[in-house]
Amino acid sequence: NKENNIRKAARLALEGMYAVTIDCAGCGDSALGPIDALSCWRMTFAQIDKLVEYYRSTGSQADASNFGLYGKSMGANISYGYVAHGKYDPTVIVVENGTPDYLTLNEPLHGAFDHGASGHQYAQMPEREVNVIADRIAPIHQPEAFLNVALYVGSWTNDRYAPLSGNQALKSYLDAQGGTKHTFKFYEGDFHGEAFPEDFDFIAAFKQYLINE
């Protein structure tokens, strides 16, 4: 929900960037739910589209053609997914503890979000059906979409929720293509929700690509 990253949004704002935090479908103050995880993610892709279009249409000082996405855990998976399926191209994405290979996630995607009250409690879809959809939309199958997007990625080497393999595969592809705008930082541990060491500087990554510092 929008409160999860409000402090990080404030830090971005202090550096001169517009920062918007959102409630995903079935989370926070969203009017939808309970809703299965994959539907939540795809609705969030559309929500990001609408945010970009809103800032493009209002004539505000925000440059909506030059935007970044930050996400941790589920938000990281959504940020990856938006690059592959969103209407607009982010300039940079910062992902923490996520993966572009949805089938490797050790979390039942057929469960549903119900505004944070009960988590993955309701089985909305058969697990096999969800896995077919998850594999079909997994960003790892569209690695070329990341060639012109700056990536700043952090992962724990033994993350039990979002295994390292998807990030390793994406890094290998980008390396082989001669990509120069991606940084992958792999830290020893299996903590998933823990903060990374201080050298994981997402603020610097946003500044580098969004305000050219």
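The values are calculated or read from the model by the stated rules, or taken from the named source; none is laboratory data. Quantities reported herein were computed from a predicted structural model and do not represent experimental measurements. FYI the Cβ positions are ideal-geometry reconstructions off the backbone, even for glycines, and counts take in every protein chain you see. Quick note on the areas: whole protein, heavy atoms, side chains included, nothing else; ligands and nucleic acids left out. Shrake-Rupley method; radii C 1.70, N 1.55, O 1.52, S 1.80 Å.
Miscellaneous remarks
- Environment charge of Gly71, counting only residues whose C-beta is closer than 12 Å and scoring Lys/Arg +1, Asp/Glu -1: +1
- Options Pro163, Ala31, Ser57, ranked by Cα towards positive dipole end of the stretch 18-169, top entry (Cβ charges): Ser57
- For the chain, modelled as a GNM whose springs connect Cα atoms under 10 angstrom apart, the maximal fluctuation among Gly75, Gly178, Gly189 occurs at Gly178.
- Within-13-Å neighbourhood charge of Pro100 [Cβ basis; K, R +1; D, E -1]: -2
- Debye intensity ratio in log₁₀ form over the Cα atoms of the stretch 31-103, taken at each q of 0.21, 0.26 Å⁻¹: -0.92, -1.21
- Per-residue ellipticity at 222 nm, computed for the chain from helices alone with -39500 (n - 2.57) per DSSP H run of at least four residues, works out to -11000 deg cm²/dmol.
- Normalised per residue, the accessible area of the stretch 138-213 is 51 Å², obtained with a 1.4 Å probe and no contribution from ligands, DNA or RNA.
- Added length on full extension, which subtracts the Cα-Cα distance from 0.36 nm per residue, Ala64 to Ala195: 44.3 nm
- Extreme residue, positive dipole direction of the chain, given options Ile137, Asn1, Ile211 (C-beta unit charges): Ile211
- If R0 is taken as 30 Å, the Cβ-Cβ distance between Gln142 and Lys2 corresponds to a FRET efficiency of 0.60.
- Comparing mean-square fluctuations of His141, His85, His192 from a GNM of the chain with C-alpha springs under 10 Å, the top value falls on His141.
- Centroid-to-centroid separation of the stretch 134-213 and the stretch 1-46 [C-alpha atoms, Å]: 20 Å
- With every protein chain in place, the chain: carbon and sulfur % of accessible area (1.4 Å): 48 percent
- Here's the list of aspartates and glutamates a cross-link from Lys2 could span, going by alpha-carbon distance under 14 Å and ignoring same-chain residues fewer than 8 apart: Asp23, Asp29.
- Cross-link reach is defined here as a Cα-Cα straight distance under 27 Å, omitting same-chain residues fewer than 8 places apart; for Lys171 the lysines meeting it are Lys8, Lys72, Lys87, Lys181, Lys185, Lys207.
- Pairwise label distance in nanometres, Thr157 with Tyr54, each label 7 Å out on the Cα-Cβ vector: 4.2 nm
- Considering only Pro108, Pro34, Pro197, the mean-square fluctuation computed in a Gaussian network model of the chain, springs between alpha carbons under 10 angstrom, is largest for Pro197.
- Computed from point charges on the beta carbon alone (+1 for Lys and Arg, -1 for Asp and Glu), the dipole magnitude for the stretch 44-195 about its Cα centre is near 280 Debye.
- Note on the stretch 147-213: the alpha carbon radius of gyration divided by the globular reference 2.2 N^0.38 Å gives 1.18.
- The C-alpha radius of gyration of the chain, expressed as a fraction of 2.2 N^0.38 Å, stands at 0.98.
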